[in-house]
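Trainee: Structure provided below as structure tokens; questions to follow.
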Amino acid sequence: MVVNPAHTPNWDLVADVVNSCSRVYRSAKQCRHRYESVIIPREEGRMMFDMTPRKQRKQKGIYKMV
């Protein structure tokens, strides 16, 4: 993914910026992993939908759809 050695990402700097504007702490390693596993696939169009599982609502009433 790196085209030029001068363009290598500084993950420590990225982690500092993320932690300054976010409530969740992320280390440099976590930032790199998120970029490689979530951001790049999303930009390439491989991830078309959110992969996080969501809770299903319980259906109220007597009759339930099967």
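We did not get these values from a lab; they are worked out from the coordinates using the rules stated. The structure displayed is predicted, hence computed values, not measured ones. Backbone-built Cβ (ideal geometry, glycine too); neighbour counts: all protein chains shown.
Trainee: Label-point separation (nm) for R26 and R42, each offset 7 Å from Cα along Cα-to-Cβ?
Mentor: Computed distance between label sites R26 and R42 equals 0.9 nm.
Trainee: Now a separate question. Residues with beta-carbon under 15 Å from that of N19, excluding N19: net charge, scoring Lys, Arg +1 and Asp, Glu -1?
Mentor: Values: positive: R23, R26, K29, R32, R34; negative: D12, D16.
Overall, the nearby charge balance is +3.
Trainee: Please rank V14, V38, fewest neighbouring Cβ atoms within 10 Å first, as an exposure proxy. Working shown, then result.
Mentor: Working: V14 16, V38 12.
By the 10 Å Cβ count, ascending, the order reads V38, V14.
Trainee: Around P9, under 15 Å between beta carbons, what's the net of Lys plus Arg minus Asp minus Glu among the other residues? Present the calculation step by step, with values, prior to reporting the outcome.
Mentor: On the way: positive: R26, K29, R32, R34; negative: D12, D16, E36, E43.
Neighbourhood net charge equals 0.
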